[in-house]
Amino acid sequence: MTDQLTADPTAERDGATAMAPTSWWRDAVIYQIYPRSFADSDGDGIGDLPGIRSRLPYVRDLGVDAVWLSPFYASPQADAGYDVADYRTVDPMFGTLADARALIGDAHDLGLRVIVDLVPNHSSDQHEWFRRAIAEGPGSPMRARYHFRPGRGAAGELPPNDWPSIFGGPAWTRTTDPDGTPGDWYLHLFAPQQPDFNWDHPAVADEFRTILRFWLDLGVDGFRIDVAHGLVKAAGLPDLGARTEWHLLDVGVSPCFDRDGVHDIYRSWRRILDEYPGERIAVAEAWAPTLDRVANYVRPDELHQAFNFSYLGTAWDVATQRRVIDESLEAMRRVGAPATWTLSNHDVVRHTSRLLQADEGDVAGRRPAEVDPVAGLRRARAATLLLLALPGSAYLYQGEELGLPEVIDLPPEVRQDPAFHRATGQDGYRDGCRVPMPWEGDQAPYGFGPEGGASWLPQPASWARLSVAAQQGDPASTLELYRAALALRRADPALGGADNLRWCEGPDGLLVFDRGDSLRCTVNMTDAPIRIPRPGQALLTSGPVDLSGAEAEIPADTTVWWVPGSPDGAS
């Protein structure tokens with residue numbers, strides 16, 4: 001199904017080994033690593049690039065095709081590295097450029113590709129351009145590379161428009177001129193430490209084209225583009241009017257999100273990516289009102305993939321799941337792109353907890369609630385097998401393969417999500433999905449760092465039984481379920497990217513579909529068992545299933561993969 005990576009002897013850039021074209025991204029399983037929470041090599045409590053390198057064999061053995069690394073660039077860390085001060089340098093807390101180069105090389109040696117985050121909507125307020133813009137005052141040419149505007153009101157004391165920040169408060173901060181008097185305002189759709197670039201200025205476009213080449217030359221296989229829908233703003237930055245609040249997941253028709261002008265930017269990036277061998281890719285974090293609008297980002301001359309946030313927020317019921325899956329496949333089919341599927345990431349409540357909340361799949365920023373951990377894990381395991389049976393590419397978030405729940409009881413003094421400390425923000429509870437990985441042992445930090453060390457966010461005592469070491473080799477564990485599912489997915493040509501999903505009839509509450517002629521997936525989305533004639537031999541189940549007779553009783557929140565045919569496996 002997914003080709004193994006092979007070296008292309010004609011492609012060498014800065015010593016990096018490129019990979020032969022395979023259209024690998026159409027059916028790839030990509031594992032997201034949040035660097036500060038994956039593995040700590042030096043005992044400072046924060047994960048780093050050498051720590052990631054040491055754990056890459058674990059990622060390879062999980063059975064994925066690539067890793068995606070959240071930002072590790074030089075940053076004051078006002079928003080966990082999404083405020084970048086220097087796009088060509090590794091922050092010392094994570095290591096060095098040599099560490100990044102070595103990580104990429106090790107990953108390639110293990111057959112893993114490497115995707116890195118790119119943050120083009122905004123920089124840090126400590127970026128050289130912005131620091132010069134502030135220091136040089138009004139008239140500085142650097143100010144044109146951001147959105148500086150005079151204020152409204154008699155003395156310019158009011159923001160230039162009524163836009164709110166997604167992290168809470170106004171999207172504008174007033175500057176102080178070099179002479180100490182109040183000055184112009186600058187735009188920041190997120191934290192005040194994250195001023196938005198002005199993508200109408202040619203220097204901004206030129207800079208990011210060189211940044212792309214810098215990391216491609218270093219050997220990365222692609223980019224995940226943060227806030228890909230936000231780069232272009234409406235001319236004149238008009239007021240919202242009656243709508244004076246918004247949420248990143250509810251963009252609608254907006255003066256600063258999903259503007260048509262972003263597509264010219266991504267066409268220019270695609271031309272750069274296509275210059276490099278081995279099919280380097282770009283993935284859009286693009287929130288848009290409809291899946292058809294999302295599909296615009298992955299037209300043949302633009303980006304390769306776009307995250308499917310519609311699916312991430314889909315409720316756990318048959319009719320809604322079928323509708324969103326169909327709409328996703330059809331929207332991507334129209335532009336010749338693969339669908340993508342994910343259940344968790346570094347910005348949302350982990351699906352072991354979220355899918356059992358009263359609002360089920362909703363990710364619109366509500367405070368995470370406490371749920372029954374046994375029931376939550378059961379539903380999460382069922383959802384994972386459903387996701388991995390769908391056509392296209394899948395994204396996994398570190399720790400979901402261990403069944404980690406959302407940590408909802410972090411004390412306020414340890415939280416670092418900037419929205420947590422700003423009233424009316426997006427939600428402010430993203431720290432709960434970022435608690436560091438448990439690797440081994442009975443006490444925190446569970447092998448995250450050297451013995452006797454700590455972790456930047458506290459790990460629950462209950463995580464001892466969820467560590468990698470505790471689950472390794474246990475056929476009933478969530479870790480071994482992921483490994484088994486990924487191995488089956490890799491081995492079966494009918495899975496992955498093939499456009500061959502066919503819905504089947506089933507009892508109320510049972511989602512049933514075939515992938516070609518080789519796999520049937522059944523998902524009980526109710527809170528009671530469902531009995532069905534056995535459709536074939538059971539390949540994999542998300543939980544215990546009675547398979548002793550001609551019928552199978554599928555428990556609540558349980559998924560089964562079958563080989564269609566007679567129950568003994570004969571077709």
>> Taking the condition of being outside any strand (DSSP E or B) and either under 14 Å from Cys256 (Cβ atoms) or not charged (D, E, K, R) (or both), how many residues in region 164-201 meet it?
In response: 21
> Do you know which of the residues in region 274-327 that are without any contact (Cβ under 8 Å) to a residue 12 or more places away in the chain and of a type in the set (D, E, K, R) is most open to solvent (accessible area, probe 1.4 Å)?
Replying inline: Arg323
>> If I filter region 478-514 down to residues being open to solvent by less than 10 Å² (accessible area, probe 1.4 Å) and part of a loop (DSSP other than H, G, I, E, B), which single residue comes out as modelled with the lowest pLDDT?
In response: Gly496
> Between a first residue in region 52-78 that is open to solvent by 30 Å² or more (accessible area, probe 1.4 Å) and a second residue that is part of a helix (DSSP H, G or I), which pairs have beta carbons less than 6 Å apart while being 6 or more apart in sequence or on different chains?
Replying inline: Arg53/Leu103; Arg53/Asp106
>> For Gln194, only one of the following conditions fails: (1) more than 23 Å from Ala306 (Cβ to Cβ); (2) among the polar types (S, T, N, Q); (3) modelled with pLDDT of 95 or more. What is its number?
In response: (1)
>> Let me confirm something: among Asp409, Asp442, Asp431, Asp417, which residue is at pLDDT 90 or above, surrounded by fewer than 24 Cβ atoms within 10 Å (Cβ to Cβ) and acidic (Asp, Glu)?
In response: Asp442
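Matching residues to (1) open to solvent by 30 Å² or more (accessible area, probe 1.4 Å); (2) in contact with a His (Cβ under 7 Å, 6 or more places away or on another chain):
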{"position": "Leu187", "(1), (2)": "no, yes"}
{"position": "Asp196", "(1), (2)": "no, yes"}
{"position": "Arg209", "(1), (2)": "yes, no"}
{"position": "Phe214", "(1), (2)": "yes, no"}
{"position": "Gly222", "(1), (2)": "no, no"}
> What tally of residues in region 154-185 results from selecting those that are open to solvent by 30 Å² or more (accessible area, probe 1.4 Å) and under 15 Å from Asp239 (Cα atoms)?
Replying inline: 4
> Is it true that some residue in region 328-335 is open to solvent by less than 10 Å² (accessible area, probe 1.4 Å) and either under 16 Å from the mean Cα position of the chain (by Cα) or at pLDDT 95 or above (or both)?
Replying inline: yes
>> Just to verify a result, which residue in region 149-163, among those that are among the charged types (D, E, K, R) and out of contact with any strand residue (DSSP E or B) (no Cβ under 6 Å at 6 or more places or on another chain), is farthest from Cys256 (Cα to Cα)?
In response: Glu157
> Here are Ala102, Ala144, Ala135: which of them is within 21 Å of Asp48 (Cα to Cα) and either out of contact with any Gly (no Cβ under 7 Å at 6 or more places or on another chain) or crowded, with 23+ Cβ neighbours inside 10 Å (or both)?
Replying inline: Ala102
> Which of the following residues is small (Gly, Ala, Ser), part of a helix (DSSP H, G or I), at pLDDT 95 or above and more than 21 Å from the chain's Cα centre (by Cα): Ser54, Ser41?
Replying inline: Ser54
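The values are calculated or read from the model by the stated rules, or taken from the named source; none is laboratory data. Worth saying up front: this structure is predicted, and the values here are computed from it rather than measured. Every residue, glycine as well, gets a Cβ built from its backbone with ideal geometry; the counts of neighbours run over all protein chains shown. Please note that ligands, DNA and RNA were not included when accessible areas were found on the heavy atoms of the full protein model with its side chains. Shrake-Rupley method; radii C 1.70, N 1.55, O 1.52, S 1.80 Å.
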